[in-house]
Amino acid sequence: MTPAPNAPIAPIAPMAPIAPLALNARNLRKIYKRGAEEIVAVDDVSLTIPKGEFVSFIGPSGSGKTTLINILGCLDNATSGSLEIGGRTVFSAKKCLSESDLTKIRRQVFGYIFQKFYLVPTLTVYENVILPFAFFKKPEAEADPMGILKFLGLDKRIDHRPSELSGGEMQRVAIARALINKPEILLADEPTGNLDTKRSGEIGEILKNLNEKEGLTVLLVTHNPSLAKIAHRTISLIDGRIAG
Ligand SMILES: Nc1ncnc2c1ncn2[C@@H]1O[C@H](COP(=O)(O)OP(=O)(O)O)[C@@H](O)[C@H]1O
Ligand SMILES: [Mg+2]
């Protein structure tokens, strides 16, 4: 049907704003070779994570959570597929960033938290937190380590060694260290795996606060369904694939 000659032009509906993306992964696969055996640890995973989202990953042991999150966090390479971070291609069939560019992304974009706290036992809390500067050569004053330690309730503990801390405190020191470079994306792989329920809840609250108040994008791998629930979205992995 052709419109009448002087018919008013229908207004174009405004487009919904496009949320900036933190991560865009397409068809990720990771195959490990053990002798003649091939293990497909991540099997055709595509996912898009907008900036500021809190996503949790759950799934049985061996379902590929660590492998996937390590690929997303540029700590491991995929066998195939593509990954963009903040609109920049990290790898695809056509290109792959150089090792020095990958190192920059690891330092500037990501903060990493693991089940094991990886604190240096001979250093104090404060020294552990500013340890990244030993490698990154970033001015310490810019980073406000005391502000971060205070936010995490560790300001009275700065001169303690890790052996004098509880598990929950040790993980908070590891979180402080992960925050020191002002990351945009926080990756936490089973951060409460070594903690009791109460301490796990506290770590969950901290991650939630960092997401809501500081705008950090958070990717949390956990076995704990009640912890997974604090995220905006939960992705279940089974045999390396996104379930459902
Ligand atoms: N370095 C490796 N070499 C060979 N197989 C591996 C390696 N890392 C993980 N896998 C295998 O890949 C699968 C997924 O492992 P992983 O990502 O650690 O799972 P999850 O974190 O969910 O427990 C498992 O079958 C595991 O045995
Ligand atoms: Mg794992």
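Screening region 63-90 for residues that are of a type in the set (Val, Ile, Thr) and free of Cβ contacts under 8 Å to residues at least 24 places away in the same chain and picking the one that is farthest from ligand 2 (Cβ to nearest atom) gives 89.
Kindly evaluate residue 133 against the criterion of being part of a helix (DSSP H, G or I), touching a helix residue (DSSP H, G or I) at 6+ places or on another chain (Cβ under 7 Å) and away from ligand 1 (no atom under 16 Å from the Cβ).
On the way: part of a helix (DSSP H, G or I): yes; touching a helix residue (DSSP H, G or I) at 6+ places or on another chain (Cβ under 7 Å): yes; away from ligand 1 (no atom under 16 Å from the Cβ): yes.
For residue 133, the condition - part of a helix (DSSP H, G or I), touching a helix residue (DSSP H, G or I) at 6+ places or on another chain (Cβ under 7 Å) and away from ligand 1 (no atom under 16 Å from the Cβ) - is met.
Checked against (1) out of contact with any Leu (no Cβ under 9 Å at 6 or more places or on another chain); (2) in a helix (DSSP H, G or I); (3) over 22 Å from residue 121 (Cβ atoms), residue 163 meets all criteria but (3). Looking across region 28-65, just one residue is polar (S, T, N, Q) and farther than 13 Å from residue 235 by Cα, and that is 61. Only residues that are of a type in the set (D, E, K, R) and in contact with a Gly (Cβ under 6 Å, 6 or more places away or on another chain) were counted in region 205-226, giving 0. Whether a residue is assigned to a helix (DSSP H, G or I) and either of a type in the set (A, V, I, L, M, F, W, C) or without any contact (Cβ under 8 Å) to a residue 12 or more places away in the chain (or both) was assessed, and residue 174 passes this test.
A quick yes/no check of all residues on (1) assigned to a helix (DSSP H, G or I); (2) surrounded by 21 or more Cβ atoms within 10 Å (Cβ to Cβ):
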position: 61; (1), (2): no, no
position: 68; (1), (2): yes, yes
position: 76; (1), (2): no, no
position: 84; (1), (2): no, no
position: 93; (1), (2): no, no
position: 100; (1), (2): yes, no
position: 103; (1), (2): yes, no
position: 113; (1), (2): no, yes
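Yes or no: region 227-236 includes at least one residue that is of a type outside the set (Phe, Trp, Tyr), surrounded by 20 or more Cβ atoms within 10 Å (Cβ to Cβ) and within 17 Å of residue 168 (Cα to Cα).
Checking region 227-236: at least one residue is of a type outside the set (Phe, Trp, Tyr), surrounded by 20 or more Cβ atoms within 10 Å (Cβ to Cβ) and within 17 Å of residue 168 (Cα to Cα).
Does residue 212 qualify as being in a helix (DSSP H, G or I) and exposed (fewer than 15 other Cβ atoms within 10 Å of the Cβ)? The answer is yes for residue 212. For region 152-207, a tally of residues being closer than 15 Å to residue 221 by Cα, touching a Phe, Trp or Tyr at 6+ places or on another chain (Cβ under 7 Å) and either surrounded by fewer than 17 Cβ atoms within 10 Å (Cβ to Cβ) or among the hydrophobic types (A, V, I, L, M, F, W, C) (or both) returns 2. Just name the residue that is farthest from ligand 1 (Cβ to nearest atom) out of those in region 49-59 that are over 16 Å from residue 184 (Cβ atoms) and outside any loop (DSSP other than H, G, I, E, B). Restricting to residues being over 16 Å from residue 184 (Cβ atoms) and outside any loop (DSSP other than H, G, I, E, B), the top hit is 56.
Can you run down the residue pairs with Cβ atoms below 9 Å, 6 or more apart or on separate chains, where the first is in region 207-218 and at negative phi and the partner is at pLDDT 95 or above and of a type in the set (Lys, Arg)? What qualifies is 217/51; 218/208.
Could you please find all residues in region 191-213 being touching a Leu at 6+ places or on another chain (Cβ under 9 Å) and more than 15 Å from residue 50 (Cα to Cα)?
The initial filter retains those residues of region 191-213 that are touching a Leu at 6+ places or on another chain (Cβ under 9 Å), namely 191-192, 200-204, 206-207, 210-211.
Once the filter is applied, which keeps residues that are touching a Leu at 6+ places or on another chain (Cβ under 9 Å) and more than 15 Å from residue 50 (Cα to Cα), region 191-213 yields 191, 192, 200, 201, 202, 203, 204, 206, 207, 210.
Within region 1-36, how many residues are modelled with pLDDT of 95 or more and not basic (Lys, Arg)? Steps first, please.
Taking region 1-36 as the starting set, the residues that turn out to be modelled with pLDDT of 95 or more are 23-32.
Subsequent filtering for residues that are not basic (Lys, Arg) retains 23-25, 27-28, 31-32.
Here the count works out to 7.
The single residue among 211, 181 that is under 20 Å from residue 150 (Cβ atoms) and at pLDDT 95 or above turns out to be 211.
The values are calculated or read from the model by the stated rules, or taken from the named source; none is laboratory data. Because the structure is a prediction, the values reported are computed rather than measured. Every residue, glycine as well, gets a Cβ built from its backbone with ideal geometry; the counts of neighbours run over all protein chains shown.
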